[in-house]
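What follows is a single structure, written as structure tokens, with notes after it.
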Amino acid sequence: MKKVINRILEFITFPFRFLLRLLFGWLRPVRPEVPVDETFVVSGRVVSHELRGLPGLRVVALDKNVGGDVQLGEGATGERGDYEIRYTTRPLRQGKQKPDVQVQAIDENNNTLAVSHVRYNANLQKSLNFLLPMLNRKNQPVSFNT
């Protein structure tokens with residue numbers, strides 16, 4: 001008898017509970033694999049075509065998406081061209097649990113000098129090293145026409 005009464009009460013109160021959850025945001029999807037405040041780290045080294053580290057470049061970590069990229073975080077290269085960017089999963093698109101990370105090296109004029117390959121479904125710690133092509137005096141990639 002008690003089970004029957006509980007079932008009836010659940011049936012009667014369901015619309016009210018649904019509205020309360022809707023109003024207070026309790027229906028947001030939960031990301032079971034990665035907690036919201038989990039910190040991801042992408043690190044690596046940016047080197048020239050001569051394999052020398054390039055200091056002072058801005059590096060930006062992006063989550064690659066079909067509808068447009070989302071910036072996850074940014075940093076700068078150190079004295080030897082090394083960088084480390086920390087970010088959380090909050091900027092990820094809804095329903096996405098792990099980022100598809102790409103790092104871009106950008107100069108002081110906001111020119112993209114180089115991009116890393118994309119790491120799909122990146123783990124908590126990922127290393128992305130990349131090589132800048134040969135640059136001319138204006139820090140632009142040199143193109144060779146044949």
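Rule-based calculations on the coordinates, nothing more; no lab input. Small disclaimer: the values here were computed from a predicted structure and weren't measured. Note that each Cβ is placed from the backbone with ideal geometry, even for glycine, and that neighbours are counted across all protein chains shown.
Here are a few things to note about the model shown:
- Label-point separation, Gln97 to Asn6 (7 Å along Cα→Cβ), nm: 3.0
- Each label point was placed 7 Å from the Cα along the Cα-to-Cβ direction; for Asn65 and Glu38 their separation is 1.8 nm.
- Protection proxy ranking, peptides 5-15, 78-88, average beta carbon neighbours within 10 Å, highest first: 78-88, 5-15
- Where a label projected 7 Å from the Cα of Glu74 along Cα→Cβ would reach, residues of segment 109-126 with amide N under 15 Å: 109-114
- Sequence-distant residues sharing a close amide H with Asn65 (under 5 Å, placed H): Val70
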